[in-house]
Amino acid sequence: AEGWFNRGNAERIRPNVVTLTAVIHAAGNSREPEKAIFWYCKARDMRIDPTTVMHACLLHALRDNCTAAQEWFWFGIDQDGIVPNSVTYNTMIDSAARNGQSALAAGFFQQMCQRFMPDASTFGSLINGAAELGDVHAARAWLELMENTGVSANLINWNALFKACARSQPPRKDVAEDLLQFLVRVRGCTPDTVTLITLVGLLGKARVKELCIALDVDYDSIIRTPLDSREAKRSLGIQADQSLQFLRLSRLHLKRSRPRKSAKKK
């Protein structure tokens, strides 16, 4: 992306907001947050007004550093007049959750709900964030709220609950077994390779096989099935969902929602 930008400059083709947004998004996908910040500032230096889409791409690039993401979230709002959209909030929720800041993630969730409906990406980040911390209660509460809101939970979300049970101190073997029985008997859902691998680490192979026999689940068939390309993408969880969001974002009109605040004269 930078190569095409430099080539355009060499040919005296003036870059526009779409050009800079694409370069920032590419930096984010390459996990180069410093470059994303550089190109965002470059746009401002070139008097190209940042848009909500450009701002969201910057935050996506900073998702692994929650402190930096939070600083630039407010910078965009205060200095560039950015009006956050649902992807902006989802990115901040994901950043806070993946960095173990559950209270901050919940705070951004509350802000989001004042203007937008949370979606599968929103709840996926919150559930997985709680699971990483081994917080079984929070993970279950987010999944219940997800379904009460009308957003269907998928196997990725349930697998996150099993992960929460495994990471809990002490491990919640009882909850994991209850969840598996509920998942199969009540929901009619078949566990996948990720489910069984997580449960084997928690309960032991012999116990998982016993449960599978009782639930009429073909353990050997599932455990020997390698993850196909679809399941591999699913196992990435929230990143795959956000890629789809940024694809939709790229098709939005890039007009600014309101003018940038004028700089104060010294």
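The values are calculated or read from the model by the stated rules, or taken from the named source; none is laboratory data. Because the structure is predicted, anything quoted here is derived from the model rather than measured. As a convention, Cβ positions derive from the backbone with ideal geometry for all residues, glycine included, and neighbour counts pool all protein chains shown. To get the accessible areas, we keep the full protein, side chains included, count just its heavy atoms, and leave off ligands, DNA and RNA. Shrake-Rupley method; radii C 1.70, N 1.55, O 1.52, S 1.80 Å.
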So in the range 12-51, with the set limited to residues that are touching a Leu at 6+ places or on another chain (Cβ under 8 Å), open to solvent by 10 Å² or more (accessible area, probe 1.4 Å) and among the β-branched types (Val, Ile, Thr), which one is modelled with the highest pLDDT?
37
Can you say whether residue 149 is farther than 23 Å from residue 211 by Cβ and either crowded, with 18+ Cβ neighbours inside 10 Å or in contact with a strand residue (DSSP E or B) (Cβ under 9 Å, 6 or more places away or on another chain) (or both), as far as the supplied structure shows?
no
Restricting the range 120-169 to residues that are touching an Asp or Glu at 6+ places or on another chain (Cβ under 8 Å) and polar (S, T, N, Q), the residue that is nearest to residue 189 (Cα to Cα):
159
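Yes/no per residue for (1) within 30 Å of residue 134 (Cβ to Cβ); (2) in contact (Cβ under 8 Å) with a residue 12 or more places away in the chain:
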site	(1), (2)
20	no, yes
34	no, no
47	no, no
50	no, yes
70	yes, yes
73	yes, yes
87	yes, yes
90	yes, yes
Residue among 86, 102, 125 that alone is open to solvent by less than 10 Å² (accessible area, probe 1.4 Å) and not β-branched (Val, Ile, Thr)
125
Quick check on my filter: what residues within the range 110-119 are open to solvent by 50 Å² or more (accessible area, probe 1.4 Å) and either part of a helix (DSSP H, G or I) or in contact with an Asp or Glu (Cβ under 6 Å, 6 or more places away or on another chain) (or both)?
110, 111, 113
Which pairs turn up if I take residues in the range 160-171 that are touching a residue at least 60 places away in the same chain (Cβ under 8 Å) and look for partners that are open to solvent by less than 10 Å² (accessible area, probe 1.4 Å) and not hydroxyl-bearing (Ser, Thr, Tyr) with beta carbon separation below 7 Å, at least 6 apart in sequence or on another chain?
160/127; 160/131; 160/139
Are any residues in the range 38-81 within 16 Å of residue 92 (Cβ to Cβ), in contact with a helix residue (DSSP H, G or I) (Cβ under 8 Å, 6 or more places away or on another chain) and of a type in the set (A, V, I, L, M), and if so, which ones?
53, 54, 56, 58, 59, 61, 62, 68, 69
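Kindly evaluate residue 82 against the criterion of being in contact (Cβ under 8 Å) with a residue 60 or more places away in the chain and of a type outside the set (Asp, Glu).
Yes, satisfied.
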